[in-house]
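The values are calculated or read from the model by the stated rules, or taken from the named source; none is laboratory data. Being a predicted model, the structure only gives us computed values, none of them experimental. Don't worry about glycine lacking a Cβ; one is built from the backbone with ideal geometry, like all the others, and counts go over all protein chains shown.
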């Protein structure tokens, strides 16, 4: 998408300015240039047959609503043809001469930003990446270290400077009607650090200077993570876990909170995807991401309801342009295979530009067979997913306009207690958006409109076409953000956001009534730098109404419920010295109850439960306090902190101990009480030499129901991860080799609510489930070799190398089958560009 600085859409940088002078960045391949690498790819393949399958198991179904390659291609081709038509009419792009900016009365005020990037000795740094974050424009330095942006509208911008082997910097510049010159000297650093974050503040900052705890997962980290779900991809970050239902469903958990308390954004666009269901994972493709930014803690000021626990912003690569240079088309391809469940996956991506027009498109697919644990084959655990996306846009001196369309279909097997049962979930998601960005002197206006359609169907049997439970949601969003001109030391944004979600049900079963939700929010967020101090302050007002249709089956009368809330945020950061900072952040969040919380009353095949809502539930409100120490030097990066999150009227479900006579499923009721979540989290990178790297994370959260003085259910136990990586020198024919060894240690969860403990004791016909501690060991490696002017990259991973038997406490099927954790698996991935 266009319209968002390398990244988010909300406040800070929603503008991906389609710039006339943008020099396309080469698609790098080196394993150490994490901030710059192209997305990690995957390829569509059919699932191979496998031996060892139960004779009575029918295997992954090919029925249902799934895309064929022809359907995918037709959707993407419609966008590409727009660019092709423009290309035919504008042959002047073959000339490399730069375009002259418009002149005369009424022409926008344009200027140049120039400078030189060097190291601390004054030597030029070649191929350093320089980016105007708010405009989404980037260039690379030449052999003399110089860079140039032309036709830059008036405004206040964040310039990001990054180069492999050096610590990145972010500088703020004001552009009026005169040219700006800015030279930068980067300090040598063997630690790979993200250069900028855009999701947690009003303007782009480096992560060290963000008062809100934020983690950036770059393109290189995404490639080596090689995970099929968003929850699993992020689960290695401090404070982030995955609430999983088999291998196909993984919901992110941030500091013990998940589902409707963690907001997922697609480049800033709010995604609903019916997150109220425990087995409703965000239907978003991480293989097409350039990076993912994770905010830990409430972010309701910027994003409204449901950001009570945190925000995850999946950010794609910038849209290219070719103004002032010849048009081009380029691409990348990646393919991978996992041995355990015979899972091929891959991505084909291509992009191009012709003068001010640019496009990007990608196709992604994956399929997997049943998972093998160390003891047995986990029946009905195969899944399949396919998707595609396309973006076209135009950049001019007046601003930028772009449109994006994405579609993704999934078929997921749901493992039941009965090994002959084959319940499935099939999901189809369509997302579209239009982004407009306009420079207004020293200010900037950004407008984004979006649409999302999420259709979920649950089937009792994989061989039937009869829908057991059907759920359809359609969400319409509109956001207006005005980045005002500087007011003294203050930079900020004023915002207006609206959302409308319609929900309809179909199928044999009824779980919740049809509803329409409307919401609107207004906010202001300001930040200022005063010497060694960084301050941020924000406030927001939200209004929501829930219109419920009459449902005689559920005994629900037609009604309208209204909710409103005022939230705020205050952040203070003090730079003790150049590499050391102390951070204090106070944030207030809220979440309005969903129709599922209020009115659920029926069998839910996806959760293998009979679920009861509670019409008396009220709004959740939280007050979170964060305190952290951050250190970033040439060889050390440390982020350690603690938090206390006090939630008033926390909504949760608990097992009643009773069983529904018709379905045989356990009954869960929704209730409410005050809660307190406290925790510690830390991450460490230490590089004693340029080749040897140590990395680790640790986190612990304790949830307490202060109304009953009992532990909150489903809180992640203590966890630590650790990795040692050695990077070799390599040679022209064997580039950037590395090997790694690491592990993940998980403690047992012994803090259980009495009802939760009783439920676990009844599992497995009274044999019971008990959380136990375990450690998983992993190995990795990779290298690249030249193929013409490009580089082919190979990466390998051996996960659960010791084939350890385990049951993750945050696995929802741990009481359906014993020790459902995946056994040893070897994953190989190859990536290249063309």
Looking at 608, 603, 572, 576 in this structure, which one is surrounded by fewer than 15 Cβ atoms within 10 Å (Cβ to Cβ) and either modelled with pLDDT under 95 or not assigned by the TED database to the domain that holds residue 164 (or both)? 576
Regarding residue 292, is this residue more than 18 Å from residue 647 (Cα to Cα), at pLDDT below 90 and surrounded by 24 or more Cβ atoms within 10 Å (Cβ to Cβ)? no
Check off (1) at pLDDT 85 or above; (2) assigned to a strand (DSSP E or B) for residue 144 and give me the number that stays unchecked. (2)
Just name the residue that is farthest from residue 246 (Cα to Cα) out of those in region 373-389 that are within 24 Å of the chain's Cα centre (by Cα) and not in a loop (DSSP other than H, G, I, E, B). 389
If I filter region 463-471 for residues that are buried (at least 22 other Cβ atoms within 10 Å of the Cβ), closer than 22 Å to residue 429 by Cα and modelled with pLDDT under 95, do I get at least one hit? yes
Quick one: count up the residues across region 428-442 that are surrounded by 17 or more Cβ atoms within 10 Å (Cβ to Cβ) and modelled with pLDDT under 95. 4
Taking region 119-139 and keeping residues part of a strand (DSSP E or B), surrounded by fewer than 20 Cβ atoms within 10 Å (Cβ to Cβ) and under 32 Å from the mean Cα position of the chain (by Cα) leaves none
Suppose the filter is outside the structural domain of residue 149 (by the TED database), at pLDDT 90 or above, surrounded by fewer than 22 Cβ atoms within 10 Å (Cβ to Cβ) and touching a strand residue (DSSP E or B) at 6+ places or on another chain (Cβ under 9 Å); does residue 372 pass it? yes
Taking residue 455 as the residue in question, decide whether it is outside any loop (DSSP other than H, G, I, E, B), touching a helix residue (DSSP H, G or I) at 6+ places or on another chain (Cβ under 9 Å) and surrounded by 16 or more Cβ atoms within 10 Å (Cβ to Cβ). no
Run residue 151 past the list (1) modelled with pLDDT of 80 or more; (2) closer than 20 Å to residue 395 by Cα; (3) in a strand (DSSP E or B) and report the number of the one that doesn't hold. (1)
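Okay, residues lined up against (1) in a strand (DSSP E or B); (2) in contact (Cβ under 8 Å) with a residue 60 or more places away in the chain; (3) loosely packed, with under 14 Cβ neighbours inside 10 Å; (4) not assigned by the TED database to the domain that holds residue 803:
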position: 735; (1), (2), (3), (4): yes, yes, no, no
position: 740; (1), (2), (3), (4): yes, no, no, no
position: 745; (1), (2), (3), (4): yes, no, no, no
position: 749; (1), (2), (3), (4): no, yes, no, no
position: 755; (1), (2), (3), (4): no, yes, no, no
position: 759; (1), (2), (3), (4): no, yes, no, no
position: 763; (1), (2), (3), (4): no, no, no, no
position: 771; (1), (2), (3), (4): no, no, no, no
Take the residues of region 320-332 that are over 26 Å from the mean Cα position of the chain (by Cα) and assigned to a strand (DSSP E or B): which is surrounded by the fewest Cβ atoms within 10 Å (Cβ to Cβ)? 328
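Per-residue answers, yes or no, for (1) closer than 30 Å to residue 796 by Cα; (2) at pLDDT 90 or above:
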| residue | (1), (2) |
| --- | --- |
| 135 | no, no |
| 157 | no, no |
| 170 | no, no |
| 180 | no, yes |
| 184 | no, yes |
| 189 | yes, no |
| 192 | yes, no |
| 213 | no, yes |
| 227 | yes, no |
Part of a loop (DSSP other than H, G, I, E, B), assigned by the TED database to the domain that holds residue 411, modelled with pLDDT of 90 or more and touching a strand residue (DSSP E or B) at 6+ places or on another chain (Cβ under 9 Å): does that describe residue 475? no
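Every residue, every condition in (1) part of a loop (DSSP other than H, G, I, E, B); (2) farther than 30 Å from residue 177 by Cβ; (3) touching a strand residue (DSSP E or B) at 6+ places or on another chain (Cβ under 9 Å); (4) without any contact (Cβ under 8 Å) to a residue 40 or more places away in the chain, yes or no:
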{"position": "391", "(1), (2), (3), (4)": "no, yes, yes, no"}
{"position": "395", "(1), (2), (3), (4)": "no, no, yes, no"}
{"position": "400", "(1), (2), (3), (4)": "no, no, yes, no"}
{"position": "407", "(1), (2), (3), (4)": "no, yes, yes, no"}
{"position": "415", "(1), (2), (3), (4)": "yes, yes, yes, no"}
{"position": "435", "(1), (2), (3), (4)": "no, no, yes, no"}
With the condition kept exactly as written, say whether any residue in region 442-450 is in contact with a helix residue (DSSP H, G or I) (Cβ under 9 Å, 6 or more places away or on another chain) and either farther than 30 Å from residue 813 by Cα or in the same structural domain as residue 508 (by the TED database) (or both). yes
Output the number of the condition that residue 335 fails; it satisfies all remaining conditions of (1) assigned to a strand (DSSP E or B); (2) crowded, with 24+ Cβ neighbours inside 10 Å. (2)
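Per-residue answers, yes or no, for (1) without any contact (Cβ under 8 Å) to a residue 24 or more places away in the chain; (2) more than 25 Å from residue 562 (Cα to Cα); (3) assigned to a loop (DSSP other than H, G, I, E, B):
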{"residue": "597", "(1), (2), (3)": "no, no, no"}
{"residue": "610", "(1), (2), (3)": "no, yes, no"}
{"residue": "618", "(1), (2), (3)": "no, no, yes"}
{"residue": "622", "(1), (2), (3)": "no, no, no"}
{"residue": "629", "(1), (2), (3)": "no, yes, no"}
{"residue": "634", "(1), (2), (3)": "no, yes, yes"}
{"residue": "638", "(1), (2), (3)": "no, yes, no"}
Which residues, taken from region 154-177, are assigned to a strand (DSSP E or B) and surrounded by fewer than 20 Cβ atoms within 10 Å (Cβ to Cβ)? 156, 169, 171, 172, 173, 174
Based on what the data block shows, is residue 788 free of Cβ contacts under 8 Å to residues at least 12 places away in the same chain and within 26 Å of residue 812 (Cβ to Cβ)? no
